[in-house]
Amino acid sequence: MRTNQIFLPVALVLGALLIAAGFPTAPTIVASVDIEKIYRSLDQLKAAEARSVKLRGELEKRLATMTDAVKSMQEDLDSYQVGTPAHNDAMNKAILKAGDLSALQSFAKLKMESEQANSIRETYVSIRSTCGLLAKEQKIDFVFIDDTVPGINPTNLEGTMQQINGRRMLYSNPALDITDALIERLNSDFRAANPVMTTPAATPAVTPNATPAATPAVTPTTTTTVPAGKS
């Protein structure tokens, strides 16, 4: 009986030590970010949007050129007598061209969707990677997406419940927010990796008694507004 009385306290002490060894003693440090604000503020996504605008313009030019060609071929059909070999040949060519136009339209749509999806995905990868580095530097254990920031959009009962059930946080202390610090780091890293290369204009040769050339007008660039990203 006495032996059992000795072993029991020892077992309890050893068990307590094993449990304590399995759990961290330091308090857990958490932080939060506003993912939509991050997407809206990143130079990486703005650069991707600028590339998408350029690509869209190129595709629209190709579509416009092919559309004009199809219309011209259809108008040329009126100059041929119906049923003649010339009319049949022209009609077949117009049908083939219309098929090419339809294929190009489908390609353009898929290409734009693919480019936009890639830019969102690549930006998300950058956010996760940089967030991890920032968290390690600041000894942060967890970084949560603060989904208390977006409001509940007005809709029917089912839609409202879906929005509520999709939320994972009810409250987040603003003091724990590292959104601005993460945005600053992401933009700083992006600018360092993608410096703006400005090529100076060549100096023209000076011709004695020559009349100076007129300075061309400079057209200001337009800043593209980037819509909010989705997590």
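What the table below lists for this structure:
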{"item": "One residue from A31, A48, A98 being of a type in the set (A, V, I, L, M, F, W, C) and either more than 30 Å from R191 (Cα to Cα) or surrounded by fewer than 17 Cβ atoms within 10 Å (Cβ to Cβ) (or both)", "result": "A98"}
{"item": "Subset of the stretch 146-167 [surrounded by fewer than 13 Cβ atoms within 10 Å (Cβ to Cβ) and closer than 19 Å to I38 by Cα]", "result": "G151, R167"}
{"item": "Filtered residues of the stretch 103-148 (kept if of a type in the set (V, I, T) and in a helix (DSSP H, G or I))", "result": "I120, T123, V125, I127, T130"}
{"item": "Selection from the stretch 108-145 of residues that are closer than 22 Å to V33 by Cβ and among the acidic types (D, E)", "result": "E122, E137, D141"}
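Each reported figure results from applying straightforward, stated rules to the coordinates on display, with no laboratory input. Quick caveat, the model's predicted, so the values are computed rather than measured. Counting neighbours? That spans all protein chains shown, and the Cβs are built from the backbone with ideal geometry, glycine included.
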